[in-house]
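Report on the structure given below.
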Amino acid sequence: MTQIQRTKMPTNRPSAMSGFLKRAARILAVPLALVCSSFSLWASDAPLVADTYISFTSPTAAFGAMPFLHVSATDSALVQFDLSAYPPNTTVNKAYLRLYVNSVPTSGTLSFAVVTSPWGEGSVTYSGPSPAPAVNGPFTAMSASTANSFLLIDVTTQVQNWISGSAANYGLEITATLSTSVYLDSKESQYTS
C-alpha cells in the first residue's frame, strides 16, 4: 500500500494566489482602475488638455480662456483629456468624468456625446473659421439641478476605445435639453480646476 504524505506550506511565504486576491480587491476600491497586461493596477486622473464651449448666439466667438463652460439649449461644452500615458493594451475597469456644477440658472438634463473630429480650445467656434467638431449621438444623459456639486458620468467604454486606438480621442461634447442652463467650471477656473 502506498502512503501519501502531506506537507504543510511554510506560513512565512505568501502564495501567488493571495497576492492575486489582494490585487483584485484593489480594483473595487478605486474610481478609475487601469489593468495592464503585467497585472499591475493603479488609479489615475487623466490630465484635461482642452475645454471650451461654443455658442449658437455668438457663432464666431471662441471661449477657450473662460473660467466656465456654459451648457444650455444654445451653448454646448467640449472637453478633451490626454490619455497618451496609457499603453494600448491597458484595460480600463472604470472611468468617470467628474464635472463641477458651479451654477444652475435652470435645472434640466445634460447629454454626453463622443466628438469625432479635431478641434482647438482657443479657436473652435459654433460656425466661424474653426467650426464645431462632428459628434456621435449621445451615449448617456444626467440631470443637473444642484449648484456647487459634482456630477460623475461613466465614460468607461469611451476611454477604453480611445486608449486601445479603436476610436480617435477628440473628447466629449456636453449639451443641454430644452431650457436647461448650467455653468460648469473649466480648467481655467481659479477654484476647482
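General remarks:
- With eigenvalues of the C-alpha gyration tensor scaled by 5 and rooted, region 75-128, Å: 26, 19, 10
- Region 131-170 - convex hull of alpha carbons, volume per residue in Å³: 120 Å³
- Phi angles across region 126-138 convert, under the Karplus curve 6.51 cos²θ - 1.76 cosθ + 1.60 with θ = phi - 60°, into 3J(HN,Hα) values of 5, 8, x, x, 10, x, 3, x, 6, 9, 7, x, x Hz, Gly and Pro given as x.
- Long-range amide H partners of N102 with built H, under 5 Å: N148, Y183, L184, D185
- Only Cα sites of region 83-193 enter the Debye sum here, all with the same form factor; the resulting log10 I(q)/I(0) across q = 0.10, 0.12, 0.16 1/Å is -0.33, -0.49, -0.87, listed in q order.
- Accessible area in square angstrom per residue, region 63-174, 1.4 angstrom probe: 45 Å²
The values are calculated or read from the model by the stated rules, or taken from the named source; none is laboratory data. This is a predicted model, so every value here is computed, not measured. The area values use the complete protein model at the heavy-atom level, side chains included, leaving out ligands, DNA and RNA. Shrake-Rupley method; radii C 1.70, N 1.55, O 1.52, S 1.80 Å.
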